[in-house]
1. Answer yes or no as to whether Glu81 is open to solvent by 90 Å² or more (accessible area, probe 1.4 Å), over 30 Å from Ile118 (Cβ atoms) and touching a residue at least 40 places away in the same chain (Cβ under 8 Å).
2. In this structure, does Lys66 turn out to be surrounded by 10 or more Cβ atoms within 10 Å (Cβ to Cβ), more than 30 Å from Leu15 (Cβ to Cβ) and not aliphatic (A, V, I, L, M)?
3. Please go through (1) in contact with a helix residue (DSSP H, G or I) (Cβ under 9 Å, 6 or more places away or on another chain); (2) basic (Lys, Arg); (3) under 30 Å from Thr100 (Cα atoms) for Lys166 and return the number of the only condition it doesn't satisfy.
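The values are calculated or read from the model by the stated rules, or taken from the named source; none is laboratory data. Bear in mind that the values here come from a model prediction, so they are computed numbers and not experimental data. Note that we place each Cβ from the backbone using ideal geometry, even for glycine, and neighbour counts take in every protein chain shown. Protein only, heavy atoms only, side chains kept; ligands, DNA and RNA dropped before computing areas. Shrake-Rupley method; radii C 1.70, N 1.55, O 1.52, S 1.80 Å.
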Amino acid sequence: MNRSEPFNLNKDYHLYYRKSYLFAKSYVHDSLVAEDIASEALTVLWQTMKKNEIHYPLTFLLSIVKNKSIDFLRREIVRQETLATLSDVGRRELNTRISTLEACEPEKIYSEELNQIIEGTLKTLPQRTREIFLMSRYQGFSKEEIAETFNITTKGVEYHIARALKSLRINLKDYLPIFLFLFVY
């Protein structure tokens, strides 16, 4: 195509598309992205040629494909850096969980220190709350059985259990996984 010959979409599209596609693919290494770049570049060329005279359409097209390929590759760098950062954060979090779990010694779950915290916390609770909690978690009574024993509703039982669990959760904050294992179900 030269200055005297206008751009013929039907005649030149396939030739220029193929050149644009191959050029873009050689840099972006993704067939679908290269197809998009080639199509978009030809559309821009065609729209520009409708408004202005382009003396060197192939050069203009190559510039468009080049710039679109650069834009894609820059976005790809940002995407890969973001994924790497997320991967590093995820890996650190997994390593923390693994090391915490490895440090967990089941025989120490019932250690003297832990028992003192639990007993101390239970002693600070109002008597009824403490009794309801002990019946629920240590003696295996159902909410209905506890409600009947204390002549309250099951919602009342849930309130007392939640109150006890909140106190224990606060006092056992350094032992959260153990707290969950022992008291939450």
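1. no
2. Numbers: surrounded by 10 or more Cβ atoms within 10 Å (Cβ to Cβ): yes; more than 30 Å from Leu15 (Cβ to Cβ): no; not aliphatic (A, V, I, L, M): yes.
Judged against the criteria, Lys66 is not a match.
3. The single condition Lys166 does not satisfy is (1).
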